[in-house]
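Worksheet for the structure shown next.
The values are calculated or read from the model by the stated rules, or taken from the named source; none is laboratory data. For clarity, every value in this text was computed on a predicted model and none was experimentally measured. All Cβ positions, glycine included, derive from the backbone under ideal geometry; neighbour counts span all protein chains shown. Calculation scope for accessible area: heavy atoms of the full protein, side chains included, ligands and nucleic acids excluded. Shrake-Rupley method; radii C 1.70, N 1.55, O 1.52, S 1.80 Å.
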Amino acid sequence: MAEPSGPSVPQFAIPLLDLTGQNNRLRDEIHRAIDGVIDSGQFILGPEVEALESEIAAYSGCRFGVGVSSGTDALLVSLMAVGIKPGDEVITSAYSFFATAGGIARLGARPVFIDIERVTLNLNPEGIEEAITDKTRAIIPVHLCGQMADMDPILALAKRYGLYLVEDAAQAIGAEYKGQRAGSIGHIGCFSFFPSKNLGGFGDSGMVTTNDGDLADRIRLLRNHGHRPKYYNQAIGGNFRMDAIQAAVLRVKLNYLDEWTDARIAHAATYRRLFFDSGLTEAISGPARVSLPVEHGNGKHIYHLYQIRAVRRDELISWLKQHGIGCEVYYPVPIHLQECFRELGYKLGDLPESERAARETLALPVFPELTDSMQRQVVDCIASFYRL
């Protein structure tokens, strides 16, 4: 089919993400926080990082927080801390950002990919047990898009087989499962403060949470080259330290996180109403053109991403961009089919739900400052595409 034509509109009149609103609102507070770091002369770790560690731990319902240099490094240092080594196997999702599996492979271990649930896009607990071998050491469920994985059966399997449970909560700060927050159920939780996250800094940084004091101490050791005291190395670690300026910015923004989360949840409800009214979803007679995100009902979805499934998705992407509406595909190639993991032997068709999600899903704008009018424009534009 020929690409639909339409009026010329400035590129991304409605962006997928716009951080200028929140940053302008908090400009004076953030400037004061950064000035405080400059005046202190303490730019790496130090009091600001320690304060953020305590605040994120409390927010997530954990005893300990350890600030690190990125969400990727949070995963890597966590796996180092629990002793993952060459030849070990770690079970995780095939549908996630690459860092989830990349940290496993960087330690010489083998990522073992299992499929996702169709409706939530999260790790399917039913596929875990058959993937466990005598080499399995850990499970990494990913709380994708802001909704936690079904943790009860995953936790039960981890306990039964004596496996570490590391939560990839990079997209899920403040999400809940049966009253417990992301990062507080497993042995370790890993967060990212990449600028586009619900709680995002002014560069890379991350956090590890845990209720295990020994693990927290081990992670603190490893994030700073494994030396304690300085120049006396107890272990081979890395440079995974958090910058104080990132901590200062995040401490300001943390005060507004619940407000922003409430706005995202409200936007999700507005999208649902608008899409139902449009006749594009399964709730309206006739074949569905769009399928909406599904909440599993076990807790709080914080909507880091608002992902729909769309018929003729790639054509729809072109149409939306032509009309100035930002959107993005997360993730176009499932991890088990990435070129760098070819030696693992996975092939097309092995994990059909992950592969289907890669073909069908599309993220729409859901940032807190989005207006009802902007959401209506997004849905009207999608409806106009399918009316052609």
Query raised in the report: In the P(r) worked out for the range 228-315, what percent of Cα pairs fall beyond 20 Å?
Result: 60
Query raised in the report: For the Cα atoms of the chain, what angle does the longest principal axis make with the long axis of helix 151-161, in degrees from 0 to 90, nearest 10?
Result: 40
**Report entry** the range 322-388-the range 244-274 distance, computed between alpha-carbon centres (Å)
**Finding:** 22
Report summary line: Largest fluctuation, ASN211, ASN255, ASN198 only, Gaussian network model of the chain with Cα springs under 10 angstrom, belongs to ASN255
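With a probe of 1.4 Å, find how much accessible area the chain has per residue, and write the answer as a whole number in Å².
Accessible area per residue, the chain: 42 Å².
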**Report entry** Residue with peak Gaussian network fluctuation, the chain [Cα springs, cutoff 10 Å], from GLY213, GLY102, GLY65
**Finding:** GLY213
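What's the carbon and sulfur percent of the chain's accessible surface, probe 1.4 angstrom, rounded to a whole number?
50
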Requested in this report: Excluding GLY41 itself, calculate the net charge of residues whose Cβ lies under 15 Å from the Cβ of GLY41, where each Lys or Arg counts +1 and each Asp or Glu counts -1.
Outcome: -4
Query raised in the report: At what distance in angstrom do the alpha carbon centres of the range 124-158 and the range 182-240 lie from each other?
Result: 22
Query - Average Cα contact separation per residue, the chain, under 8 Å, 6 or more apart, as relative contact order % - result: 23
Requested in this report: Indicate, rounded to the nearest 5 percent, the antiparallel portion of the DSSP beta bridges found entirely in the chain.
Outcome: 60
